[in-house]
1. Modelling each spin label as a point 7 Å along the Cα-to-Cβ direction, I'd like the ASN102/TYR44 distance in nm, to one decimal.
2. With r defined as the distance between the Cβ atoms of VAL131 and ALA111 and R0 fixed at 41 Å, what FRET efficiency is calculated, to the nearest 0.05?
3. Can you give the extra length, in nm with one decimal, that the chain gains between THR29 and ASN62 once fully stretched, where that is 0.36 nm per residue apart less the Cα-Cα distance?
4. Counting pairs of Cα atoms in region 2-144, how many percent are more than 21 Å apart?
5. Got a sec to turn the phi values of region 78-88 into Karplus ³J(HN,Hα) couplings, 6.51 cos²θ - 1.76 cosθ + 1.60 with θ = phi - 60°, whole Hz, x for Gly and Pro?
6. If I stretch the segment between ARG118 and ASP83 completely, what's the gain in nm (0.36 nm per residue apart, minus their alpha carbon distance), one decimal?
7. Can you list the residues, at least 5 places off or on another chain, whose amide H is less than 5 Å from the amide H of LEU21, using H built in the peptide plane?
8. Could you compute Rg(Cα) / (2.2 N^0.38 Å) for region 17-72, with N its residue count?
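Every number here is computed from the coordinates shown, using simple stated rules; none is lab data. This is a predicted model, so every value here is computed, not measured. Glycine gets a Cβ as well: all are built from the backbone with ideal geometry, and neighbour counts include every protein chain shown.
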Amino acid sequence: MFAVVADVERYPEFLPLCDDLKVLSRTKTDDGVEVLNATMSVGYKTVQESFSTRVSMREGENRILVEYLDGPFRYLENRWQFDALPEGGCSIDFYIDYEFRNPMLGLLVGAMFDKAFRKFSEAFEARAYEVYGRIAPEQSISSST
């Protein structure tokens, strides 16, 4: 599942609201952490927005951290934690919290974004099934906002 989430270039193929994603830079730190800066374009009907993030993929720690850089949010915090289960598979904790900078934009699309973000886990599970052919029930993603 780590690989599915880390494959950010594929997000427009399966992630709700994601119209485009461009990786602006990709580096690897001395301790093996892959770090990329990316801009994601999201849209719903006539509302289109783009925002930039720094994504740190710590495969050795089974964590992905997304740090907000620029865009329509006051803040955006997003974390993934993957923990192996003794019987095989893994549990996945997905956390996202955000607030729009413009209160009117928040009122206009906030509820729709909430609904879409809650569907992220389903989209990643479906993607894992598509890529790997199966996903065990114990690999379901728990999310919190």
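1. Using points 7 Å along Cα→Cβ, the separation is 1.5 nm.
2. Details: r = 31 Å, r/R0 = 0.75.
The calculated FRET efficiency here is 0.85.
3. Working: separation 33, 0.36 × 33 = 11.88 nm, distance 1.59 nm.
Full extension from THR29 to ASN62 adds 10.3 nm.
4. Values: 4436 of 10153 pairs.
In whole percent, the long-distance tail amounts to 44.
5. Rounded to whole hertz, the list is 9, 9, 10, 10, 10, 10, 5, 9, x, 8, x.
6. Values: separation 35, 0.36 × 35 = 12.60 nm, distance 2.05 nm.
That works out to 10.5 nm of additional length.
7. Amide H to amide H, under 5 Å and 5 or more residues apart or across chains, LEU21 pairs with SER41.
8. On the way: Rg = 13.0 Å, N = 56, 2.2 N^0.38 = 10.2 Å.
Cα-based Rg divided by the globular estimate yields 1.28.
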